[in-house]
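The values are calculated or read from the model by the stated rules, or taken from the named source; none is laboratory data. Just so it is clear, the model here is predicted, and its values are computed rather than measured. So basically every Cβ, Gly included, is an ideal-geometry build from the backbone, and we count neighbours across all protein chains shown.
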Amino acid sequence: MAGQDEVFSYVSYIRATPDAVFEAITRPERSRQFWEHENISDWQPGSQWRHVRDNPERPVEIVGEVIEAASPHRLVTSWAAASQADDPASYSRVTYEIEDFGSLTRLTVTHDRLQSGSGMATGISRGWPLVLSSLKSFLETARGLDLAAKPKAA
């Protein structure tokens, strides 16, 4: 895929089991609590998945296909804005690697095949740290972060 050369990777250590992390990402009622979206699929390789917000004007924001699913340690999906779903060149890939790490779980999210300078590349570089911090908070305290929070003015 020419022109798609940006990679974003983020590592987080979470006081939860790999099963709990995998379920938080893949169960709609769990993902809604830290992401404000529901991730909907049967999570079988080749199946479609949707990233759905409770917004009647734009309910489906991200779409893709499940490339690989090995619960609870690995999930790989394609990823595109719903408005670009018909353009094969618009798809990037997200890999979730979930590893036992002593009493913690190490979660590595790698979002690659991003078109350099694209709106998607810019958006995910801001979005993933907030979403993954919210996931950590949710699993450790039963409460996700306010994803609409903005920096305070100086």
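Does Leu135 satisfy the criteria of being at pLDDT below 95 and within 24 Å of Glu23 (Cα to Cα)? Don't jump to the end; show me each part of the working.
Numbers: at pLDDT below 95: no; within 24 Å of Glu23 (Cα to Cα): yes.
Answer is no for this residue.
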Exercise. Cβ-Cβ below 6 Å, separation at least six or inter-chain, first residue in the stretch 106-130 and under 15 Å from Arg93 (Cβ atoms), second outside any helix (DSSP H, G or I) and of a type in the set (Val, Ile, Thr): which pairs?
Worked result: Thr108/Val11; Thr110/Thr95; His111/Val94; Asp112/Val7
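Condition check ((1) free of Cβ contacts under 8 Å to residues at least 24 places away in the same chain; (2) of a type in the set (Lys, Arg); (3) surrounded by fewer than 19 Cβ atoms within 10 Å (Cβ to Cβ)) across all residues:
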| position | (1), (2), (3) |
| --- | --- |
| Asp5 | no, no, yes |
| Tyr10 | no, no, yes |
| Thr17 | no, no, yes |
| Val21 | no, no, no |
| Ala24 | no, no, no |
| Arg32 | yes, yes, yes |
| Trp35 | no, no, no |
| Pro45 | no, no, yes |
Seminar exercise, completed: Every listed condition ((1) closer than 28 Å to Asp19 by Cα; (2) touching a helix residue (DSSP H, G or I) at 6+ places or on another chain (Cβ under 6 Å); (3) surrounded by 16 or more Cβ atoms within 10 Å (Cβ to Cβ)) holds for Arg93 save (2)
Problem set entry | For Val60: the one exception among (1) modelled with pLDDT under 95; (2) in contact with a Gly (Cβ under 6 Å, 6 or more places away or on another chain) | (2)
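Do you know which residues across the stretch 25-48 are in contact with a helix residue (DSSP H, G or I) (Cβ under 8 Å, 6 or more places away or on another chain), in a loop (DSSP other than H, G, I, E, B), within 18 Å of Glu68 (Cβ to Cβ) and not small (Gly, Ala, Ser)?
Step one: filter the stretch 25-48 for residues in contact with a helix residue (DSSP H, G or I) (Cβ under 8 Å, 6 or more places away or on another chain), giving 25, 30-31, 33-35, 37-41, 43.
From what is left, the residues that are in a loop (DSSP other than H, G, I, E, B) are 37, 41, 43.
When the remaining residues are screened for being within 18 Å of Glu68 (Cβ to Cβ), the result is 41, 43.
Within the stretch 25-48, Trp43 is the sole residue that qualifies.
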Problem set entry | Count of the stretch 96-125 residues which are under 19 Å from Tyr13 (Cα atoms) and either of a type in the set (Ser, Thr, Tyr) or within 18 Å of the chain's Cα centre (by Cα) (or both) | 13
For this session: Answer yes if at least one residue in the stretch 70-80 is under 18 Å from Thr17 (Cα atoms), among the basic types (Lys, Arg) and free of Cβ contacts under 8 Å to residues at least 60 places away in the same chain, and no otherwise.
Result: yes
Exercise. Restricting to the stretch 62-94, what's the tally of residues that are among the small types (Gly, Ala, Ser) and either over 23 Å from Thr108 (Cβ atoms) or in a loop (DSSP other than H, G, I, E, B) (or both)?
Worked result: 7
